[in-house]
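Contents: one structure, followed by commentary.
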Amino acid sequence: MTAMHRVLVVDDDTEIRETMIEVLEEAGYQAVGASNGAQALAQLRAPEDRWCVVLLDLMMPVMDGRTFRAEQLQDPELSPIPVVIVSAMSDVDQAAEELQVAAHVTKPFPLRDLVQIVDRFCPRAA
């Protein structure tokens, strides 16, 4: 699987994370989960892994989405990877602007929208 089809799903809610992974895999993507920002950074920094987009929740234990994004932007290897905020926060629009992310969506949302969002950043697997 090439980097063009790999999606990192970062959410502390196991059910939400696994549902998003399942939907993306059914659409032809390779999706991997992380339950917090620290795990996500470790995944992104693994030398054998390349990613086309990160789907990021903001409210998580250990390392929240804001801290993850700040760390990501400080790393020249990781900063080009687009981030899409996926959050239930009421001010997700403002957070997206502050964090300079590629896109955002407010939970809950139709799962078909998830695939459409990822399609914007990653070509589908053949």
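Every number in this text was worked out from the coordinates using simple rules, so none of it is lab data. Worth saying up front: this structure is predicted, and the values here are computed from it rather than measured. As a convention, Cβ positions derive from the backbone with ideal geometry for all residues, glycine included, and neighbour counts pool all protein chains shown.
Plainly put, the stretch 1-43 has a radius of gyration that is 0.97 times its Kirkwood radius, both from alpha-carbon atoms, as the Rg/Rh ratio. All C-alpha pair distances within the stretch 3-121, sorted into 10 Å bins from zero, spread as 14, 53, 31, 1 percent across the bins.
Rounded to 0.05, the FRET efficiency of the E97 and V62 pair, given R0 = 25 Å and the Cβ-Cβ distance, is 0.50. Sequence-distant contacts, meaning Cα pairs under 8 Å at least 6 residues apart, place the relative contact order of the stretch 3-121 at 24 percent. Once you've got the GNM for the chain with C-alpha springs shorter than 10 Å, pick whichever of G28, G65, G37 has the biggest mean-square fluctuation. Highest fluctuation of the listed residues: G28.
The longest part of the chain holding none of the exposed loop GluC sites (Glu not before Pro), meaning those outside H, G, I, E and B in DSSP with at most 14 other Cβ atoms within 10 Å, is 78-126. Label-to-label distance, D119 versus Q74, with points set 7 angstrom from Cα along the beta-carbon direction: 3.8 nm.
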